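Structure, as structure tokens:
Quick note: the coordinates plus some simple rules give every number you see, no bench work behind them. This is a predicted model, so every value here is computed, not measured. In this analysis, Cβ positions are derived from the backbone assuming ideal geometry, glycine residues included, and neighbour counts consider all displayed protein chains.
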Amino acid sequence: MRFGQVIGRVTLSPYDPSYRGGRFLVVLPWLPPEGENPVAASSPLPAGNSMVVYDDLGAGVGDIIGYSESGEAAAAFADPTPVDAYNCAILDTCLYRPLRSNCVPAGQAIT
Amino acid sequence: MLHCRVEGSAVSTIRHPSLNGWRLVLCQPIDAEGADEGDPLLAVDNLGAGLHERVIVTTDGKSIRQRMGHDRSPVRFMIIGILDPVDSSQKNLQPA
């Protein structure tokens, strides 16, 4: 999945019948800040191209989501559906401790 | 498959039912030397990969759905292997 920040919603009036019940979110790629903290929308808005993501978890504007793309997004439907991105999870907290240098110490348990 | 380094994890309570019981691990794709290559991604994991360990991530949805036992899971990245740590003595091994 990829990180995304929800910045808006899209409403379709004529839509493909297999979309029933779903909503569409406008999402920007989001990068987690270092450290362990609850996810928060970053302002100013992150750079990057926005995507429209199918959602039936009920994510709102300002939520940080994990969405998957391409064939796996369409796999979530019983009948074939033209969907490019699917919202798999609304994130609560995120731990991010990058290793900037390229030496590789042994693994440590994730706290 | 992607060569990544584990750099964190994420917690999510509202999520697709197929994700229940799986950890969400933040993986940073890296090249052979370990330099970052692209944006971090979220992979599901049940092997228990530790922080800063190097892992192999698959993007093949069909095999992921089989392993998760859920035929409509939208997951795209799954950790399928953990690489042994490279110590400095192995770094300059020349192919025979």
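Please determine, by comparing only the residues of the range B:1-36 that are at the interface with chain A (Cβ under 7 Å from one of its Cβ atoms) and β-branched (Val, Ile, Thr), which one is nearest to A:Ala59 (Cα to Cα).
Selected residue: B:Ile14.
Filter the range A:43-60 for residues that are more than 14 Å from chain B (Cβ to nearest Cβ) and farther than 20 Å from A:Ala76 by Cα; which is surrounded by the most Cβ atoms within 10 Å (Cβ to Cβ)?
If we take residues in the range A:43-60 being more than 14 Å from chain B (Cβ to nearest Cβ) and farther than 20 Å from A:Ala76 by Cα, then A:Ser50 is surrounded by the most Cβ atoms within 10 Å (Cβ to Cβ).
Please specify each residue of the range B:37-59 satisfying the condition of being assigned to a loop (DSSP other than H, G, I, E, B) and within 9 Å of chain A (Cβ to nearest Cβ).
B:Asp39, B:Pro40, B:Gly48, B:Ala49, B:Gly50, B:His52, B:Glu53, B:Thr59 - these are the residues of the range B:37-59 that are assigned to a loop (DSSP other than H, G, I, E, B) and within 9 Å of chain A (Cβ to nearest Cβ).
Those residues that are in a strand (DSSP E or B) and either among the small types (Gly, Ala, Ser) or without any contact (Cβ under 8 Å) to a residue 24 or more places away in the chain (or both), I need them from the range A:28-68; list them, please.
Scanning the range A:28-68 gives A:Gly35, A:Gly66, A:Ser68.
Assuming A:Gly71 fulfils every condition listed in (1) more than 14 Å from the chain's Cα centre (by Cα); (2) outside any loop (DSSP other than H, G, I, E, B); (3) in contact (Cβ under 8 Å) with a residue 40 or more places away in the chain apart from one, which condition is it?
Among (1) more than 14 Å from the chain's Cα centre (by Cα); (2) outside any loop (DSSP other than H, G, I, E, B); (3) in contact (Cβ under 8 Å) with a residue 40 or more places away in the chain, the lone unmet condition for A:Gly71 is (3).
Please go through (1) closer than 29 Å to B:Leu51 by Cα; (2) more than 14 Å from chain B (Cβ to nearest Cβ); (3) exposed (fewer than 14 other Cβ atoms within 10 Å of the Cβ) for A:Gly35 and return the number of the only condition it doesn't satisfy.
So the condition that A:Gly35 fails would be (2).
How many residues does the range A:1-22 hold that are crowded, with 18+ Cβ neighbours inside 10 Å and of a type in the set (D, E, K, R)?
The qualifying residues number 1.
Hey, among the residues in the range A:77-100 that are at the interface with another protein chain (Cβ under 7 Å from one of its Cβ atoms) and buried (at least 22 other Cβ atoms within 10 Å of the Cβ), which one's nearest to B:Glu53 (Cα to Cα)?
This residue is A:Cys94.
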